[in-house]
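Engineer: The structure follows.
The values are calculated or read from the model by the stated rules, or taken from the named source; none is laboratory data. This one's a predicted model, so the numbers in the text were calculated from it and none came from an experiment. Quick reminder, even Gly has a Cβ in these numbers, built from the backbone with ideal geometry, and neighbours come from all protein chains shown.
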Amino acid sequence: MTDVAVGVDIGGTSSRALAVSADGRVAGRGSSGGGNPNSHPPALAAGRVAAAVADAVPSGAVVAGCMLGLAGESKFTDPAVVSVFETALRQAGVGCRIDVVSDAEVAFASATSSPEGTVLIGGTGSVAARIVRRRKESWRGGWGWLLGDEGSAYWIGRQAVRSTLAALQSTGALGPLALAVLAEAVETPFADDPAGRRLALSRLITAVNADAPIRLARFASLVSGLAATDRAAAEIVTDAAGLLADQARLTRTPDETTPVVLAGSVIGPASPVGVALRERLSGETEVLFAPDGATGAAWLAALAAWGPQAPRPVV
């Protein structure tokens, strides 16, 4: 029988598990639906995570370490949630201790072997975390859409709508971003005359306020797609990168050279915000991208199972 360590990157829409042996080789992979108990009923979430683990662990293998990584890990301070997950994972063959860490920790571990640095997550929301001994020691941001999330998809989408409203109240021609926002949010074709502008203004405000606030994030892709050709979109990208860079710096000491790891769709390698952000930070330190949260979770599980000599997974 072979010992394996298994890590799970748990998201709201999907959960991915990776099992590794003591020498760092991949022993198996598994995937399932969203398993975050902040987004789904705990029993459903736990069942999906257990299914991903069961697929990843080879038949007959003994699980020596199990690490779950997710956003909102504080949910596991609820004994009822812990019990549901423990039951599901025990039924999937996990007999060892089950550890839970944040998505920031697994993202950082997926990108670097350094035990210390900063991870900056830019997705629907935003947060920067200080990593010490591969654990989140402190963080800046992460307050949610109502109180913060500067530079996130939500923030970018809100800025796109605000820019469109300002353009409608001016006398200048609407640019590509404003027209794209109107096409996305308002069914009525835009008529570029005073009456048409007033109608579009009212309907855009009504449409956005009638939707869930976090749905503003859907406009972020319009900003990214038009950043090279639309001045308003380019300004939003620049502002977002500046806010995220400032957030990351707040977790660091002056002249620090530990790595900064970027994670999340808004700041990916090909994203305009990611490019601008990397330009701002690369002169200060090494900037890396988190490739796969499951890899980071599996390595953290291996370190917990076999100690500091456990090699990074070979994926």
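Engineer: Just one of (1) in a loop (DSSP other than H, G, I, E, B); (2) more than 19 Å from the chain's Cα centre (by Cα) trips up T238, so point out which.
Structural biologist: Here T238 clears every test but (1).
Engineer: State all residues of region 67-85 that are β-branched (V, I, T) and surrounded by 14 or more Cβ atoms within 10 Å (Cβ to Cβ); if no residue qualifies, say none.
Structural biologist: Within region 67-85, V81, V82, V84 meet the criteria.
Engineer: Just one of (1) in contact (Cβ under 8 Å) with a residue 40 or more places away in the chain; (2) farther than 22 Å from R134 by Cα; (3) surrounded by fewer than 23 Cβ atoms within 10 Å (Cβ to Cβ); (4) in contact with a helix residue (DSSP H, G or I) (Cβ under 6 Å, 6 or more places away or on another chain) trips up A64, so point out which.
Structural biologist: Looking at each condition in turn, A64 falls short on (2).
Engineer: If S102 meets every condition in (1) at pLDDT below 95; (2) touching a helix residue (DSSP H, G or I) at 6+ places or on another chain (Cβ under 6 Å); (3) outside the structural domain of D9 (by TED's automatic domain parsing) apart from one, which number is that one?
Structural biologist: Among (1) at pLDDT below 95; (2) touching a helix residue (DSSP H, G or I) at 6+ places or on another chain (Cβ under 6 Å); (3) outside the structural domain of D9 (by TED's automatic domain parsing), the lone unmet condition for S102 is (3).
Engineer: Then there is this: Look through region 135-194, keep the residues that are of a type in the set (F, W, Y) and touching a Pro at 6+ places or on another chain (Cβ under 9 Å), and return whichever of them is nearest to G123 (Cα to Cα).
Structural biologist: Out of the qualifying residues, it is Y154.
Engineer: Next question. Looking only at region 1-17, count how many residues are more than 13 Å from A54 (Cβ to Cβ), outside any loop (DSSP other than H, G, I, E, B) and not acidic (D, E).
Structural biologist: Count: 5.
Engineer: What's the number of the only condition in (1) farther than 28 Å from G144 by Cβ; (2) surrounded by fewer than 22 Cβ atoms within 10 Å (Cβ to Cβ); (3) modelled with pLDDT of 95 or more that S59 fails to meet?
Structural biologist: Unmet for S59, out of (1) farther than 28 Å from G144 by Cβ; (2) surrounded by fewer than 22 Cβ atoms within 10 Å (Cβ to Cβ); (3) modelled with pLDDT of 95 or more: (3).
Engineer: Does G148 count as in the same structural domain as L243 (by TED's automatic domain parsing) and in contact with a strand residue (DSSP E or B) (Cβ under 7 Å, 6 or more places away or on another chain)?
Structural biologist: So G148 fits the description; yes.
Engineer: Still on this structure: With A167, A180 as the choices, which residue is assigned by TED's automatic domain parsing to the domain that holds R231, surrounded by 12 or more Cβ atoms within 10 Å (Cβ to Cβ), in contact (Cβ under 8 Å) with a residue 24 or more places away in the chain and under 27 Å from G144 (Cβ atoms)?
Structural biologist: After applying the criteria, what remains is A180.
Engineer: Can you tell me how many residues in region 18-59 are aliphatic (A, V, I, L, M) and in a helix (DSSP H, G or I)? Talk me through it step by step, then tell me what you get.
Structural biologist: Filtering region 18-59 for residues aliphatic (A, V, I, L, M) gives 18-20, 22, 26-27, 43-46, 49-54, 56-57.
If we keep only those that are in a helix (DSSP H, G or I) too, we end up with 43-46, 49-54, 56.
Matching residues across region 18-59 total 11.
Engineer: Among (1) outside any helix (DSSP H, G or I); (2) in contact (Cβ under 8 Å) with a residue 40 or more places away in the chain; (3) within 15 Å of the chain's Cα centre (by Cα), there is one condition A228 misses while meeting the rest; what is its number?
Structural biologist: Single failed check for A228: (3).
Engineer: Here is a further query. Of these, A88, A54, A46, A50, which one is surrounded by fewer than 21 Cβ atoms within 10 Å (Cβ to Cβ), within 25 Å of D292 (Cβ to Cβ) and at pLDDT 95 or above?
Structural biologist: A54
Engineer: Another question about this same structure. Taking only region 272-296 into account, find how many residues are assigned to a loop (DSSP other than H, G, I, E, B) and at pLDDT 95 or above.
Structural biologist: So the answer is 0.
Engineer: Which members of region 121-149 meet the condition of being under 18 Å from A109 (Cα atoms), crowded, with 21+ Cβ neighbours inside 10 Å and among the β-branched types (V, I, T)?
Structural biologist: Across region 121-149, the qualifying residues are I121, V127, I131.
Engineer: Considering only residues that are part of a helix (DSSP H, G or I), surrounded by fewer than 14 Cβ atoms within 10 Å (Cβ to Cβ) and not hydroxyl-bearing (S, T, Y), which ones fall in region 183-212? Break it down into steps so the answer makes sense when it comes.
Structural biologist: Going through region 183-212, the residues part of a helix (DSSP H, G or I) turn out to be 183-185, 194-210.
Subset that is surrounded by fewer than 14 Cβ atoms within 10 Å (Cβ to Cβ): 183, 194-195, 198, 202, 206, 209-210.
Scanning region 183-212 gives A183, P194, A195, R198, N209, A210.
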